[in-house]
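Below: the structure, in structure tokens.
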């Protein structure tokens, strides 16, 4: 009942928000810097490492990167007309994948370390969404996809293929964890016609001679003014999960999602009973000729054998263009989390309930640009305030500068944080540029990083970066690449 009341209040509250001219939602997969509209705070993935990479805009190319210091890693990416090779080596282990995408009957083929997903995630979903619930803006629903893994935490060895004969789409995939302790196979088939997609998917998993099976049905409808889809999944032990999603408005400015029942656990996507989830999220995107903003509310409940966690969250972020060389950004987020833990010990006692609030605010000023006959000079000044479990807000200050002249592109960044007891903040790791890992910081401290990139002609580049966060040892990155 509490979850249903929260969902009702959530929808009612946001329906009265904003009445401005709207702008189209960003396309799915669009890369966004951590400080831009659609703010990333750093704790969305609950200690899950992930890579956020810019879309590949070149037909052919190779890039390599070597990291030394506290975090040693090596990475290689190669692209060529739909084919892609991704190789990674780090302390978490070695992983990589080869993939190909086309527009003919054979649409996708992937082999190596992969991550499967189906439709809206009711049967097989992304474990990283367990910490935060957002309303996606993409307007498509499709069956099984076996993609190259973007995280060593979730990588599984396997392969997958997608074929599309006519209006049908068929996906097949199989994978196993390291050491073959867990093996799984998935398949899906759907048909799209007249803006309507109807499909079904199924899977089976074998772990220590115990078999688990699951299946789902999904439907999607797209019109000029809206997109709606839903998926219902059922496993062999009777666990059920449903996901419904809507994107609406003249320019798709509204997006909403609701989930009910047991969801995919982190380690076992077909064993729903380990982590149950209910909730809803609603977002709106508004825009003007000189800026844009996003507003969102969410309510999420998670339950496992020992803990019942209820999280309610509201956020807002906006961007204002002050001039052709200045931009002002604001962002704020408020969270209330209640947890009910089962009683422990030999003496009978009542369950332990805790409630705490967390609010974060961020302001950023970006200035600079290129003169007619001079170098490009850019600066970003950011202040962030954090208050949780303390009566006083902590502060994080960051300055980032960039100078680009001809073939040379240099950047320098300095961050200082002063947080009170039990307060934590999340700083972007200045590791490889495509890394989305955030480092948890507490107390008082500072970070200094610098990078230099040199273009070698029109098709190649060489770069280096160094960072220092006391008391840790310095870290060094060496990178190189070429494109055609």
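Every number here is computed from the coordinates shown, using simple stated rules; none is lab data. Values in this document were obtained by computation on a predicted structure and should not be read as measured data. We place every Cβ from the backbone using ideal geometry, glycine too, and count neighbours over all the protein chains shown.
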Just need the relative contact order of the stretch 306-484 here, percent rounded to a whole number, with Cα pairs under 8 Å and 6+ apart.
-> 12
When the chain is fully extended, how far beyond the present Cα-Cα distance does residue 177 get from residue 90, taking 0.36 nm per residue of separation?
-> 29.6 nm
By the C-alpha gyration tensor axes a ≥ b ≥ c (rounded if a/c is under 1.5, else prolate when a/b exceeds b/c, else oblate), the shape of the stretch 306-484 is prolate
Subtracting the Cα-Cα distance from 0.36 nm times the residue separation, let me have the gained length for residue 62 to residue 328 in nm, one decimal.
-> 92.2 nm
Computed from the beta carbon distance with a Förster radius of 41 Å, FRET efficiency for residue 379 and residue 250 to the nearest 0.05 stands at 0.65
Take the Cβ-Cβ distance between residue 354 and residue 242 as r, set R0 to 25 Å, and report the resulting FRET efficiency rounded to the nearest 0.05.
-> 0.25
Using 0.36 nm per residue of separation minus the Cα-Cα distance, give me the extension gain between residue 412 and residue 307 in nm, one decimal.
-> 33.4 nm
Quick calc, residue 100 & residue 223: beta-carbon distance into FRET formula, R0 35 Å, rounding 0.05, result 0.60
For each of 277, 157, 208, 183, count neighbouring Cβ atoms within 10 Å of the residue's Cβ, then give the residues from fewest to most.
-> 208, 183, 157, 277
